[in-house]
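Some notes on the structure that comes next.
The values are calculated or read from the model by the stated rules, or taken from the named source; none is laboratory data. Since the structure is predicted, the reported quantities are computational estimates derived from the model, not experimental observations. Note that we place each Cβ from the backbone using ideal geometry, even for glycine, and neighbour counts take in every protein chain shown. Heads up: the accessible areas ignore ligands, DNA and RNA and are worked out on the full protein's heavy atoms, side chains in. Shrake-Rupley method; radii C 1.70, N 1.55, O 1.52, S 1.80 Å.
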Amino acid sequence: MKFGHFDDAAREYVIETPKTPYPWINYLGNQGFFSLISNTAGGYSFYMDARLRRITRYRYNNVPLDMGGRYFYINDNGTVWNPGWSPVKTELDAYECRHGMGYTIITGKKNGLKAEVTFFVPQDYDGEVQQVVLTNESQEAKEFALFSMAEWCLWDAQDDCTNFQRNFSTGRVEILGSTIYHLTEYRDRRNHYAFYTVNDTIDGYDTDRDAFLGSIYNGWDNPETVKAGKASNSFADGWSPIASHYKKITLAPGESKTLIYILGYAENPQDKKFAAAKPEGLLTREAWVLNREKADAMIEKYNTPEKVAAGLAELRATWDSLLSIYKVDTPDDKVNRMVNIWNQYQCMVTFNLSRSASYFESGIGRGMGFRDSNQDILGFVHQIPDRARARLIDIASTQLSDGGCYHQYQPLTKKGNADIGGDFSDDPLWMILSVAAYIKETGDWGILDANVPFDDDPEGKHTMLDHLNVSFYHIVNNLGPHGLPLAMRADWNDCINLSCFSDTPGESFQTYTNPKFKAEGGYSKIAESVFVAALFTYTGPAYVGILEHLGKTEEAAKAQAEIDKMKKNTMESAFDGEWFLRAYDANGEKMGSHECEEGKIFIEPQGFAVMSEIGKDVGADIKTLDSIDKYLNCEFGLVLNNPAFTKYYIQYGEISTYPGGYKENAGIFTHNNAWIICAEAYAGRGEKAFEYYSKIAPAFTEETSDIHKTEPYVYGQMIGGKDAKNFGQGKNSWLTGTAAWNMVAISQYILGVKPEFDGLSIDPSIPAAWDGFKAERKFRGDIYEIEVKNPAHVNKGVKSLTVDGTAVDGKVIPVAGDGKTHKVEVVLG
Ligand code: BGC
Ligand code: NOJ
């Protein structure tokens with residue numbers, strides 16, 4: 001069952017009912033100011049950091065779900081309704097929500113009145129613009145009241161939802177004309193404020209939530225002021241400040257009226273916080289006067305429909321350009337829609353927000369993840385390489401000089417988060433992969449010389465190359481008894497906690513390590529991760545390639561020897577006969593072996609081991625891929641492990657706390673499905689690669705949206721696995737490494753257009769039924785118009801490659817660097 005449809009020409013998903021199985025959201029903003037917006041206009045806004053600089057309030061895990069947002073209410077002769085249905089939930093005569101690239105348009109109709117609201121955050125602008133177009137489609141004149149509403153968060157979202165003894169008394173607002181200012185703590189230690197304005201006169205306002213609602217026992221679905229058709233002109237003093245504009249509107253039949261609201265954020269320099277003169281008409285209880293210059297300029301920027309149209313056109317042009325870098329035309333519409341639109345769009349969102357703020361991540365818990373942000377770059381780097389570069393330097397600056405890493409950092413402070421700390425064994429390796437991806441995309445070898453400090457040596461002179469070096473050797477220097485990398489607190493799988501042995505409720509599996517390992521430096525010196533071994537052998541060659549390019553042949557040979565040794569150790573100690581083990585636990589026992597009672601096979605190490613060709617000479621790659629198909633494949637994707645754990649294994653930690661089929665315990669973790677898709681494509685098995693891809697790619701789940709539940713245009717972290725009661729049900733949509741990795745899987749492995757250090761490589765691995773496909777790739781200043789022909793209907797194998805009619809040996813198109821368009825023809829066979 002579907003709840004909407006794709007409008008590919010407009011690059012929109014069109015939701016046809018407000019009653020989607022879960023709120024289906026979109027993100028507005030891509031630099032500093034961000035908003036989450038659901039198909040009923042729920043959500044919230046923040047500046048840079050969803051925890052430390054929250055602008056509007058949201059209630060988590062609330063009933064009904066998705067309460068809080070920016071709402072417009074209409075009272076049309078006693079019928080009260082919202083254009084997005086919620087929160088009043090009056091049945092609408094018509095409803096539509098169009099989620100597009102950085103904007104959302106929600107349209108509702110009731111009793112002949114149509115309200116179309118366009119929400120977007122313009123480029124280089126710290127505010128959300130909301131354009132409301134009201135049209136009287138009836139035969140009679142209409143007189144009605146329109147109310148806006150936004151509830152302020154008192155900046156620190158964590159404090160805002162916990163520290164009531166203080167923050168029920170700190171709220172401050174001011175009103176000047178049609179603009180309501182939120183000024184909590186501005187006088188004292190903050191230099192930022194927010195405002196909500198409309199480009200017209202108003203007939204009243206409310207700034208005190210309880211006055212707006214009429215009673216503390218009312219919800220957003222029942223505000224008494226709206227019901228009464230008149231604002232109460234309340235002035236908030238403490239409690240919960242809001243911003244609501246009230247406007248009486250009369251429309252003749254056929255007449256329209258456009259109103260533009262702006263929810264903005266501004267910062268003042270410390271010495272320019274206050275203004276000397278008090279503006280006339282200012283409603284305030286303060287003796288001081290806010291310096292409003294920034295807000296004034298922001299309001300001026302979008303105060304007419306023409307300016308709004310220009311802002312939207314600019315946003316559209318930005319996305320036209322971002323999405324022109326990699327475009328494909330394959331025989332499958334769903335693939336085209338994922339690659340050309342939605343997967344790339346999601347990659348921007350994950351790049352911006354890591355795992356911080358979604359409808360499953362509260363924005364309070366996690367900032368930017370070290371491993372997460374590095375992986376996000378893999379899917380994003382071609383879009384805006386300069387932003388990727390700046391991010392790489394930020395992330396690397398949180399690394400320690402021994403190669404260890406803070407696992408997370410806050411985007412506002414850019415400082416490693418001491419609460420969670422480090423010692424996640426995989427973290428440093430992702431940094432090698434992301435820096436290599438950046439160089440492969442841009443050819444900017446200069447990044448290696450960039451000065452990048454270590455967190456524990458902020459003044460020291462270190463380069464990015466030094467960071468790669470310590471990242472690589474952090475693995476080499478921390479090996480266990482089988483010569484495999486120590487698992488430490490966890491590897492990519494946060495829920496395999498081999499040094500934890502936790503038996504006390506409330507201990508965080510990510511931060512708790514058993515005291516018995518204290519003496520050993522904080523984690524077991526026995527537990528080893530086969531996943532990190534495989535990731536090392538997959539990633540290491542990029543480091544070697546970098547050293548070779550720099551002419552550091554000796555260092556390159558030394559690093560290569562470590563990779564070879566790791567492959568040997570892995571094959572000797574971690575190949576289980578039909579697949580690779582997952583780990584050795586702290587007791588030295590095998591995890592992920594046919595000898596185990598449960599959790600006999602795990603997905604994570606397999607793909608990277610296959611792509612590193614560990615044991616390829618004895619057929620380990622194909623055996624492994626076949627085992628995955630046999631034990632992990634099911635209707636909706638590949639489960640993470642099998643059989644699922646049915647009891648708590650104290651030596652494994654969090655993974656065995658999930659009911660079977662969910663999350664890391666045999667859920668379909670789409671992130672690592674991508675690694676298998678890549679590996680199948682790598683091994684030349686285009687059919688399997690495509691089968692796995694089409695099981696999880698969102699556009700393919702659209703028809704079963706009632707089962708899948710989450711948005712059919714973006715990946716979620718997890719789909720209920722075969723052991724789950726809710727088999728096939730998606731969760732944790734939007735902020736997942738799946739976005740980047742599936743972009744890599746489809747674009748670089750299946751379609752095979754892959755940046756390398758010395759050019760663009762073309763090596764597709766596609767379904768044999770395809771006659772071929774076309775792709776356009778902007779790469780290092782040139783444009784490549786690629787046509788892949790598959791006359792023999794094979795999966796893989798480049799028979800010939802020509803650039804502008806000239807044959808090229810091998811699969812790599814050398815960089816032309818002339819800024820021209822080049823025609824590339826590839827014949828498979
Ligand atoms: C989740 C993981 C997540 C970790 C860190 C665990 O509970 O299952 O997916 O990475 O928490 O927040
Ligand atoms: C989600 C986390 O964001 C990611 O870092 C981790 O690798 C996966 N969960 C698996 O545990």
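Odds and ends about this structure:
- Across 53, 59, the residue with the most accessible area heads the list, and the full order at a 1.4 Å probe is 59, 53.
- Nonlocal amide H pairs with residue 822, under 5 Å, H built at 1.01 Å: 783, 784, 785
- Table column - 3J(HN,Hα) (Hz), region 532-548, Karplus curve with 6.51, -1.76, 1.60, x for Gly and Pro: 5, 4, 5, 5, 5, 6, 7, 8, x, x, 5, 5, 4, x, 5, 4, 4
- Per DSSP, loop GluC sites (Glu not before Pro) in region 201-288 with at most 10 further Cβ within 10 Å: 280
- Proximal lysines relative to residue 247, as straight alpha-carbon distance under 24 Å, when same-chain residues fewer than 8 apart are discounted: 89, 109, 110, 114, 142, 227, 230, 257, 301, 307
- If R0 is taken as 25 Å, the Cβ-Cβ distance between residue 386 and residue 48 corresponds to a FRET efficiency of 0.85.
- Ellipticity at 222 nm from helices only: DSSP H runs of n ≥ 4 in the chain, each -39500 (n - 2.57), divided by the residue count, give -7500 deg cm²/dmol.
- Taking a Cβ cut-off of under 13 Å around residue 342, the surrounding Lys, Arg, Asp and Glu residues balance to a net charge of -3, with basic ones at +1 and acidic ones at -1.
- Among beta bridges identified by DSSP and lying wholly in region 158-291, the antiparallel ones come to about 95 percent.
- Axis angle, to the nearest 10 degrees, between helix 305-322 and the longest C-alpha principal axis of the chain: 0 degrees.
- Close amide H contacts of residue 415 (hydrogens built in the peptide plane, cut-off under 5 Å, sequence separation of 5 or more or a different chain): 410.
- Modelled this way, with points 7 Å down the Cα-to-C-beta line, the labels at residue 650 and residue 778 are 5.9 nm from one another.
- Based on every Cα atom in the chain, Rg and the maximum pairwise Cα distance Dmax equal 27.8, 85 Å.
- Region 112-233, accessible surface, carbon-and-sulfur percent (1.4 angstrom probe): 41
- Probe 1.4 Å, accessible area per residue of region 742-829, Å²: 40
- Spatially close Lys pairs in region 484-586, defined by Cα atoms under 26 Å apart and a spacing of eight or more places or different chains, total 10.
- If you sort the three axes of the alpha carbon gyration tensor as a ≥ b ≥ c, you get a/c of 1.5 or more for region 597-738 and a/b no higher than b/c, which makes it oblate.
- Full extension of the chain between residue 507 and residue 402 gives 35.0 nm of extra length, using 0.36 nm per residue less the Cα-Cα distance.
- Percent of beta bridges antiparallel (DSSP, the chain, rounded to nearest 5): 95
- In loop segments of region 28-118 as defined by DSSP, the GluC sites (Glu not before Pro) with at most 10 further C-beta atoms inside 10 Å of their C-beta are 91.
- Each 10 Å bin from 0 upward holds the following percent of the Cα-Cα pairs of region 750-829: 20, 56, 21, 2.
- Cα-based equivalent ellipsoid, region 448-594: semi-axes from gyration tensor eigenvalues, Å: 29, 22, 11
- Using alpha carbons only: equivalent-ellipsoid semi-axes of region 1-155, gyration tensor based, whole Å: 25, 18, 16
- Antiparallel bridge percentage (DSSP; both residues within region 764-829; nearest 5): 70
- Each Cα pair under 8 Å and six or more residues apart adds its sequence gap; the mean of these over the residue count of region 538-610 is a relative contact order of 20 percent.
- Annotation: average projected area of region 147-243 is 6.4 square nanometres, based on the convex hull of Cα atoms across all directions.
- By the Stokes-Einstein formula, at 0.692 mPa s and 37 °C, region 125-188 with its Kirkwood radius over alpha-carbon pairs has D equal to 212 µm²/s.
- With bins 10 Å wide beginning at 0, the percent of Cα pairs of region 526-642 falling in each bin runs 15, 42, 29, 12, 3, 0.
- Here is the tail figure for region 677-829: Cα pairs spaced more than 26 Å apart come to 36 percent of all pairs.
- The listed residues 707, 677, once ranked by accessible area (1.4 Å probe) with the largest placed first, stand as 707, 677.
- Rounded to whole Hz, the Karplus (6.51, -1.76, 1.60) HN-Hα couplings of region 793-800, x for glycine and proline: 6, 9, 8, 8, x, 8, 7, 8
- Taken per residue, the accessible surface of region 1-81 reaches 30 Å², heavy atoms only and a 1.4 Å probe.
- Rolling a 1.4 Å probe across the protein heavy atoms gives region 234-387 an accessible surface of 37 Å² per residue.
- Alpha carbon centroid spacing (whole Å) that separates region 293-371 from region 491-561: 34
- Applying 1/(1 + (r/R0)^6) with r as the Cβ-Cβ distance of residue 188 and residue 210 and R0 = 35 angstrom yields a FRET efficiency of 0.90.
- HN-Hα J in Hz across region 330-337 - Karplus 6.51, -1.76, 1.60, θ = phi - 60°, x for Gly and Pro: 10, x, 10, 4, 5, 4, 4, 5
- Reach of residue 722 by Cα under 23 Å, taken over lysines that are not fewer than 8 positions away in the same chain: 2, 600, 623, 630, 647, 663, 688, 695, 709, 731
- Sulfur and carbon atoms: percent of accessible area, region 434-593 [1.4 Å]: 49
- Qualifying trypsin sites (Lys or Arg not before Pro) in region 73-166, DSSP loop, other Cβ atoms within 10 Å at most 15: 89
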